[in-house]
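Worksheet: the structure to be examined is printed underneath.
The values are calculated or read from the model by the stated rules, or taken from the named source; none is laboratory data. Computed from a prediction, not measured in an experiment: that's the story for all the values here. Virtual Cβ from ideal backbone geometry, glycine too; neighbours counted across all protein chains shown. All accessible areas refer to the heavy atoms of the entire protein, side chains included, with ligands and DNA or RNA removed. Shrake-Rupley method; radii C 1.70, N 1.55, O 1.52, S 1.80 Å.
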Amino acid sequence: MTHNPPETNTAIAQSQDAAHHLHPFSDAKSLNEKGARVITKGKGVYVWDSEGNKLLDGMAGLWCMAIGYGRDEVADAAAAQMRELPFYNTFFQTTHPPVVALSKKLAELAPAHINHTFFTGSGSESNDTMLRMVRHYWASLGKPDKKVIISRKNAYHGSTVAGASLGGMTYMHEQGDLPIPNIVHINQPYWYGEGGDQPPEEFGLARAQELEAKILELGVERVAAFIAEPVQGAGGVIIPPASYWPEIQRICDKYEILLVADEVITGFGRTGEWFASETFNIKPDFICIAKALSSGYLPIGGVMISDRVAEGLINEGGELQHGYTYSGHPVTCAAALAVLDIMQKEHIVERVKSDIGPYLQEKWLALGEHPLVGEARMIGLMGALELTPDKATRAPFEVKKGTVGLMCREISFANGLIMRHVGDSMIISPPLVLSHEEADELITKAREVLDSTYAAAKEAGYL
């Protein structure tokens, strides 16, 4: 029997949402006054709202909807697993077939030196778990003072206490007395916003060398790890200069500091490789994953662990006093396996690298010629447009940061394209199954949005 959900009355849904639902990263008072956007359906790279408006989802949900909406194979796999074994835990020396199969599959897809995964429910949980494991690893090796984890300003590593502390978002630190002790931050490799007159490669090298300076300042005996996103996602799709990652790897190797790649956003094809660690030729000790692992169909995350760290934890660590009820949940594992099967059978990662990625990139970079755009950048299928009143100097607007970006976002939604704004940067991360025709539509709409934003900003006196 086919179940047709009832028609959604927008006003009723908004009223009930305001009465009972607190949203993440939202000012509840202003949102309730405005009314939340009600999304009711998704298919392929599109979603529809309760008013019947069709939107091209340029953000793949929240960086996660890699294979697009409405894949019956994933729903069928989850339903079959629910009927067979809807839940069992992985505590108490117990396992089950889906978690075994997914662990094996991830070992096959990961870089050769990574063969173990600890499962979580989200990217935030993955980064919390990594912090616990890093400190436990060093303590197990007789170095309990190695506790400090170095991260970067404007990084995003989740919203839990440890995740938000690892992240470098000061507005998050202001709520909840964060960061927690023994987490410090260095500057980000954001050439457009912070590079000034330095050539990008020189700037990237200088920013990487801040890691070495911080290690020496704190003392090698105290520093446990360095964590970073290969490409900063929520920070604004910040792609580091080519000089950055080789120097970071050199420094971590020199001082025997664990390297953590937060690939919650970049993992599973986003940059044209299964993992962005391969794109940038780095060899992390931990890869934190979530989002596209299940293409957003069900919540799942994990920490992928290098052989040297796994060996230390297994042989020296004793009982790991850490875990989640839903670690390796059988239904989410079954969904993730179905997603990875689709990605392999349809050669989605290879297509991002050699087909749709270059196709969209060429057109996206051409938007950099628009008078409102100071820089267009893209890697794989994640890109950004820096909005500016002065292309030559990369100057910010003389109004509160994000004013023009928010204006652009609202115009974009009204024009049928979901783009996100980070300050005055517009960012996209569309589903990896985007077709050429849909890419053309995305670019056409983005150009129309830029034109409308330029006119609105000019009328408001921002240009």
(message) Which of rounded, prolate or oblate describes region 182-293 when judged by the alpha-carbon gyration tensor and an a/c cut-off of 1.5?
(response) oblate
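Counting helices only, and only those DSSP H runs with n ≥ 4, report the 222 nm mean residue ellipticity of the chain as the sum of -39,500 (n - 2.57) divided by its residues, in deg cm²/dmol to the nearest 500.
Working: 18 runs with 195 residues, N = 463.
Dividing the helical sum by the residues of the chain leaves -12500 deg cm²/dmol.
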(request) Could you do me a favour and compute the accessible area per residue for region 375-463, 1.4 Å probe, result in Å²? (result) 41
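Could you state the accessible area per residue of region 1-152 in Å², with a 1.4 Å probe and every protein chain left in place? Each step should come with its number before you reach the end.
On the way: 8580 Å² over 152 residues.
In whole numbers, region 1-152 has 56 Å² accessible per residue.
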(message) Taking the square root of 5 times each eigenvalue of the Cα gyration tensor, what semi-axes in Å does the equivalent ellipsoid of region 85-167 have, largest first?
(response) 26, 17, 15
(message) For the chain, give me the percentage of DSSP beta bridges that are antiparallel, rounded to the nearest 5 percent.
(response) 65
(message) Under a crude label model (7 Å from the Cα following the beta-carbon direction), how far is D355 from E33 in nanometres?
(response) 4.9
(message) Quick check: from the Cα gyration tensor, does region 240-378 come out rounded (a/c under 1.5), prolate or oblate?
(response) oblate
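Assuming 0.36 nm per residue, please report the length gained on full extension of the stretch A366 to E346 beyond their Cα-Cα distance. Could the numbers behind the result be given before it?
Values: separation 20, 0.36 × 20 = 7.20 nm, distance 2.88 nm.
Stretched out fully, the A366 to E346 stretch lengthens by 4.3 nm.
Taking 8 Å as the Cα distance limit and 6 or more residues as the minimum spacing, I'd like the relative contact order of the chain as a percentage. Before the final figure, lay out each step's value.
Numbers: 877 pairs, mean separation 88.9, N = 463.
Across the chain, relative contact order equals 19 percent.
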(request) At 7 Å along the Cα-to-beta-carbon direction for both E459 and H436, put a label point, then send me their distance in nm to one decimal. (result) 3.8
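Find the accessible area per residue for region 216-336; the probe is 1.4 Å, ligands and nucleic acids are left out, and the unit is Å².
Values: 3750 Å² over 121 residues.
Value returned for region 216-336: 31 Å² of accessible area per residue.
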(request) State the Cα centre-to-centre distance between region 30-47 and region 416-447 in whole Å. (result) 17
(request) Starting from region 379-415, pick out the GluC sites (Glu not before Pro) whose DSSP state is loop and whose Cβ has at most 10 other Cβ atoms within 10 Å. (result) E398
(message) If I histogram all Cα-Cα distances within region 1-108 using bins 5 Å wide from 0, what percent of pairs lands in each bin?
(response) 2, 9, 12, 14, 16, 15, 12, 10, 7, 2, 0
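Between the DSSP loop rule and a limit of at most 12 other Cβ atoms within 10 Å, which chymotrypsin sites (Phe, Trp or Tyr not before Pro) in region 194-264 are left?
Working: sites: F203, F226, Y244, Y255; in loops: none.
Listed in order of number, the matching sites amount to none.
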(request) Go through region 344-433 and name the trypsin sites (Lys or Arg not before Pro) that are in a DSSP coil and have 13 or fewer other Cβ atoms within 10 Å of their Cβ. (result) K400, K401
